[in-house]
Amino acid sequence: MKNIIILGIYLLICTATTVSYAQSISGKVIDKSGNPIYAATVILQKNDSTFIEAVITDENGSFSFTNMINPYRIVVQHLAFKPVSCDNKSPLNPIVLEDKLNELSEVVIKRDKSVFKVINNGLSIDVANSILRKEIKSYDVLKKIPGVVINNGNLEILALGNPDIYINGRKVRNLDEVKRLPVKEIDNINLITSPGAEYAATGRAALEITTLHPEDGFSFQTDAEISAGNLISHQEGIQLKWKRKRLTIGTNYSFEHPYDKYSEYAEKKILNDEPFFFLNTTKKKERKNVNSYGLNIEYELNSDHLIGAYFTGENMVGKVSSNTGIDVSGASNKYQGTQQSNVSLKQSDYFFNTFYRGKLSKYFGVNAYFDYIKNKGNLDQNVFNQDSIFSTSETKHSLYAYKATLFFKKGGHQLNIGSEGNWIDGYNYSHNEGTNMKQGEIEDSEKRIAGFATYTWKSEKWSTKAGIRYEILKTQNGNVEEPADNIERTYCNWFPSLSVSNNTSIGINQQLSYAVHTSRPTFSQLSILPVYENMYSYSLGNASLQSMISHVVNYILTYKWIYLNIIYANMNNYIGHTYYTDEKQTHTVVTSFKNYNNFQQLAFVIGGQKQLFPWWDCSASLYLMKTLFKYDYLNMPIKTKLPFLTYTMNNTFSLPKNLMLYVDFEYSTKGDYLIETIYPTYRLDISFGKSWLNGNLDTRLSVTDILQSSIDKSIGRINQIKVLQKVKNEDSRKVSFNIVYRFNSFSYIKQNTSASGEERLRLKQY
């Protein structure tokens with residue numbers, strides 16, 4: 001009996017202890033120095049990883065759970081530290097986290113580690129494991145890629161023009177989306193300098209951005225920027241993300257209020273039998289309110305099938321006011337006076353994408369997606385001088401696009417077969433009062449369907465990719481009131497591509513590629529409705545423009561941290577600016593567009609990124625381009641002579657107390673491009689950055705264009721007309737302050753895809 005009583009007491013004590021232990025558990029999270037870690041995420045799971053509960057550590061690094069069951073598993077996560085897991089057999093007090101940033105720094109300081117890697121048709125840049133991860137804005141990352149230039153928010157690939165941009169395979173409609181992308185969520189960026197047959201035939205370059213994968217949980221990021229020069233601009237934004245098992249939901253909103261001040265000088269000379277000189281100096285202020293918003297949803301049906309949808313919208317309201325001094329002189333005409341202009345702008349854009357990505361078997365898979373875009377723009381302009389002129393215009397465009405790709409992959413072989421198409425309907429309305437210029441209603445339409453196939457073979461050192469694309473394009477452009485003047489055109493073109501890559505054992509990677517591309521005129525370039533500038537100048541489209549065909553040969557070489565790219569392009573029907581006089585108003589200069597034949601480009605880009613010292617990382621590039629072209633000016637043939645030389649240098653200095661200093665410099669020499677001679681320009685930017693709260697808070701103070709030297713100046717010559725233009729952004733020198741705060745930060749969304757390549761940019765009217 002005594003033994004039974006003792007056994008019962010023992011079992012009672014054990015049971016009570018177990019129950020007490022199962023009801024609650026507490027712990028503390030610290031770093032290697034013994035300091036408590038605030039806002040660490042502590043996740044309670046079953047041993048099979050089933051989620052039970054999650055809490056956040058307090059300012060003392062402490063946490064606790066109730067209603068526990070055995071056995072259990074604890075996972076601790078924090079943005080600045082390596083994750084740690086332990087079970088009920090492991091000691092919980094204290095839980096020590098290892099600094100993740102130290103690990104990154106060790107990777108970065110390895111001197112010969114290159115962030116560049118040659119891939120099929122281009123270059124891959126490792127952002128997540130390089131010094132680029134420390135940038136605060138995605139545009140700061142992009143401009144450190146050799147050959148990438150950003151001026152006034154416009155992104156360009158030297159010698160290749162504006163690239164198509166993709167985020168996780170989804171075509172980006174608005175560059176603001178790229179600007180809002182958090183740097184710490186970027187995995188890598190592919191610079192495609194020779195797009196193959198699977199890309200739209202109009203794209204001569206592409207940027208593919210891949211983000212990191214998310215974990216279950218909720219996070220948000222908020223950011224703000226204020227800039228002060230002569231005028232004050234500001235921007236605010238917020239992004240929310242939530243992932244639970246197979247479902248991922250993200251949303252974002254931003255408000256931007258840019259306020260810019262420009263001074264423009266234009267000198268136009270008509271050198272006919274009766275010379276005419278027109279000079280104007282304009283002071284311009286431009287103010288906009290831009291609201292952007294988006295929502296994306298992804299759902300994994302299982303490990304092999306992913307579906308999703310993406311929606312973005314943007315509304316812009318703006319005003320542009322200008323005051324222009326006019327000085328006119330000619331054999332029989334002299335005038336001096338002033339002109340005031342007030343322009344009101346409204347623009348709305350909506351984009352919807354839905355996609356599916358699936359693996360049908362061990363070797364087969366499919367990607368398919370559909371896009372819908374709708375935009376609408378209004379422009380009202382009042383011009384006041386000795387006569388009052390009022391003009392108004394309205395544009396509406398809608399796009400339906402699809403793309404489907406079936407791929408087969410086995411070993412080192414991959415075959416892609418797909419189809420792509422789009423339907424565009426457009427409407428343009430223009431009305432002018434106080435002038436005899438044309439007005440009316442224009443309807444545009446475009447139908448395109450394409451089929452493509454690519455084959456890729458890879459071995460340990462060699463890679464070959466061949467592709468073929470066939471497109472059928474039908475366009476219609478004409479005046480509603482005069483249907484007899486409608487222009488219909490049909491194009492049927494083959495676009496082949498081929499690339500060969502080699503990776504040697506000594507670290508030299510190289511690639512040689514060839515591709516055929518096209519460039520189609522935009523709706524604004526085709527429009528026969530004028531846009532009035534003043535009584536002596538207006539712009540007008542050309543309804544007879546033809547599509548351009550270009551043959552591009554591209555050579556890429558990388559060795560350690562050095563990157564070399566050589567590009568040769570031969571273009572027929574190149575679409576460029578031209579000047580001529582109005583038939584009825586012989587003292588009025590018309591700016592329009594024209595097809596040019598036998599236009600050639602030869603470009604060299606050499607650059608790289610290297611850590612010169614443990615405290616100094618540097619990326620630099622040197623770009624040289626020579627154009628080969630002839631045109632007529634004053635009844636004499638003119639050849640382009642001067643090559644362009646552009647040099648960029650971006651420096652990152654690691655200072656004491658976790659401070660960062662950034663010094664960026666860009667310089668371009670005088671050079672000839674088509675009918676214009678571009679004059680030298682240079683720019684110097686400096687900024688200081690610092691991270692707080694274990695990397696959750698980033699701040700940066702910047703001064704852009706310190707010397708206020710960013711002035712665009714050019715002289716155009718063709719026919720009997722000479723045009724000198726100079727534009728200076730009076731607010732290019734600004735002091736800006738950026739702040740970014742992340743809460744419970746996770747990685748970004750998985751890859752998805754989107755359609756309608758270049759067509760989205762062609763819909764933009766302003």
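The values are calculated or read from the model by the stated rules, or taken from the named source; none is laboratory data. Small disclaimer: the values here were computed from a predicted structure and weren't measured. Cβ atoms come from the backbone with ideal geometry, glycine included; neighbour counts cover every protein chain shown.
Results for (1) at pLDDT 90 or above; (2) in contact with a helix residue (DSSP H, G or I) (Cβ under 9 Å, 6 or more places away or on another chain), shown as yes or no for each residue.
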residue: ASP664; (1), (2): yes, yes
residue: LYS670; (1), (2): yes, no
residue: TYR673; (1), (2): no, no
residue: ARG683; (1), (2): yes, no
residue: ASN694; (1), (2): no, yes
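Can you find, within region 53-73, the residue that is modelled with the lowest pLDDT among those that are assigned to a strand (DSSP E or B) and over 40 Å from the mean Cα position of the chain (by Cα)? It comes out as THR66. In the set (1) buried (at least 20 other Cβ atoms within 10 Å of the Cβ); (2) outside any strand (DSSP E or B), the condition left unmet by GLN525 is number (1). Candidates in region 494-525 are the residues that are modelled with pLDDT under 85 and over 26 Å from the mean Cα position of the chain (by Cα); of these, the one that is farthest from ILE270 (Cα to Cα) is SER505.
Rundown of residues vs (1) surrounded by 19 or more Cβ atoms within 10 Å (Cβ to Cβ); (2) without any contact (Cβ under 8 Å) to a residue 12 or more places away in the chain; (3) closer than 28 Å to ARG204 by Cα, yes/no style:
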site: LEU545; (1), (2), (3): yes, no, yes
site: ILE567; (1), (2), (3): yes, no, yes
site: GLY607; (1), (2), (3): yes, no, yes
site: ALA620; (1), (2), (3): no, no, yes
site: LYS639; (1), (2), (3): no, yes, yes
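Every listed requirement among (1) over 19 Å from ASP140 (Cα atoms); (2) in a strand (DSSP E or B) is met by ASN651 save one, (1).
Applying the selection to region 282-296, what residues are under 30 Å from SER714 (Cβ atoms) and surrounded by fewer than 16 Cβ atoms within 10 Å (Cβ to Cβ)? Listed by number, the list holds a single entry, LYS283. Only one entry of PRO643, PRO614 meets the criterion of being at pLDDT below 90 and either assigned by TED's automatic domain parsing to the domain that holds HIS577 or not β-branched (Val, Ile, Thr) (or both), and that entry is PRO614. Among the criteria (1) within 21 Å of ASN168 (Cβ to Cβ); (2) surrounded by fewer than 16 Cβ atoms within 10 Å (Cβ to Cβ); (3) not acidic (Asp, Glu), the one LYS362 does not fulfil is (1). Here is a check on your reading of the model: is GLU471 farther than 30 Å from ASP327 by Cα, acidic (Asp, Glu) and either loosely packed, with under 14 Cβ neighbours inside 10 Å or outside the structural domain of PHE593 (by TED's automatic domain parsing) (or both)? No; evaluated as a whole, the condition is false for this residue.
Considering only residues that are of a type in the set (D, E, K, R), within 30 Å of ASN744 (Cβ to Cβ) and buried (at least 17 other Cβ atoms within 10 Å of the Cβ), which ones fall in region 225-272? Matches in region 225-272: GLU225, LYS241, LYS243, GLU256. In region 132-229, counting only strands (runs of 3 or more DSSP E) that sit wholly within it, the ones holding 1 or more residues that are of a type in the set (Val, Ile, Thr) and in contact with an Asp or Glu (Cβ under 9 Å, 6 or more places away or on another chain) span 148-151, 164-167, 186-192, 206-211, 217-228.
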